[in-house]
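The values are calculated or read from the model by the stated rules, or taken from the named source; none is laboratory data. Remember, predicted model here, so these are calculated numbers, not experimental data. Here the Cβ is made from the backbone with ideal geometry for all residues, glycine too, and neighbour counts use every protein chain on show.
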Amino acid sequence: MKPIITTRSFAMGIMALALAAGMTSCKKNKEVATQPKPKGETLIQEYCTGPEHFSDKKTFRARAVGESMDRNAAKKKARSNARGELAKSIKATMQIVGDNYVSSNEFNNREEITETFNEMTRTIVDEEIVGSTIICDKLTQREDGTYVSYVCVELSSSDMVGKYHEALSKDERIKAEYNYEKFKETFEKEMEKLGN
């Protein structure tokens with residue numbers, strides 16, 4: 001006599017197989033997650049990094065690392081390097097803003113106006129960089145005694161545009177043709193790119 005397979009017992013058999021397959025696939029996922037790290041590679045944790053330490057449309061930011069056997073020297077190096085990177089970033093952005101602003105307006109002497117913008121960039125950045133704010137400051141020490149300082153500094157873009165407005169409003173070569181709203185719009189477009 002042949003055994004009779006009912007629909008119910010057939011369905012129970014299929015469910016048992018599916019459950020068994022699911023359990024083995026979960027086991028495989030766990031094995032993948034706990035695999036040993038690749039040989040010869042070490043995961044490095046960096047401090048003062050990540051999206052909250054990148055420049056965005058409202059703030060210029062820069063980060064740097066300083067190393068020394070002396071704790072204070074490591075911190076000074078990191079701060080100096082970070083402010084140097086911040087200055088480079090601001091100068092590059094302001095040069096683009098100046099070039100775009102000058103080329104979009106009908107200035108009589110474009111070369112002279114462009115040079116004026118570049119001079120102002122150097123002066124204003126040098127003055128403002130001292131007032132940059134430290135938003136992240138971490139200090140570690142290696143086994144050999146070396147101190148490693150991680151720093152991120154920032155400077156408000158609205159402070160920068162305000163200083164430019166002040167300087168441009170006083171400059172006799174630009175004063176008559178200067179349009180603050182157009183300059184600010186050009187600046188904000190460039191900051192939007194920096195934020196992306």
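Tabulated data for the structure shown
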{"quantity": "Residue check for Glu111: within 30 Å of Gly145 (Cα to Cα) and either among the acidic types (Asp, Glu) or modelled with pLDDT under 90 (or both)", "calculated": "no"}
{"quantity": "Close pairs (7 angstrom Cβ cut-off, 6 or more residues apart or separate chains): without any contact (Cβ under 8 Å) to a residue 12 or more places away in the chain in the stretch 109-126, of a type outside the set (D, E, K, R) anywhere", "calculated": "Arg110/Val102"}
{"quantity": "Residue within the stretch 125-148 that is touching a Lys or Arg at 6+ places or on another chain (Cβ under 6 Å), of a type in the set (Val, Ile, Thr) and more than 30 Å from Tyr47 (Cβ to Cβ) present", "calculated": "no"}
{"quantity": "Filter result for the condition that a residue is under 30 Å from Ala176 (Cβ atoms) and either surrounded by 14 or more Cβ atoms within 10 Å (Cβ to Cβ) or of a type in the set (Ser, Thr, Tyr) (or both), over Thr49, Thr93", "calculated": "Thr93"}
{"quantity": "Residue match in the stretch 167-190 (condition: within 26 Å of Thr49 (Cβ to Cβ) and free of Cβ contacts under 8 Å to residues at least 40 places away in the same chain)", "calculated": "no"}
{"quantity": "Filtered residue count, the stretch 149-196, keeping only those that are at pLDDT 85 or above, surrounded by fewer than 18 Cβ atoms within 10 Å (Cβ to Cβ), touching a Lys or Arg at 6+ places or on another chain (Cβ under 9 Å) and closer than 30 Å to Lys76 by Cα", "calculated": "2"}
{"quantity": "Condition check for Glu52: over 30 Å from Glu172 (Cβ atoms) and not in a strand (DSSP E or B)", "calculated": "yes"}
{"quantity": "Ala82 vs. criteria out of contact with any His (no Cβ under 9 Å at 6 or more places or on another chain), modelled with pLDDT under 65 and of a type in the set (Gly, Ala, Ser)", "calculated": "no"}
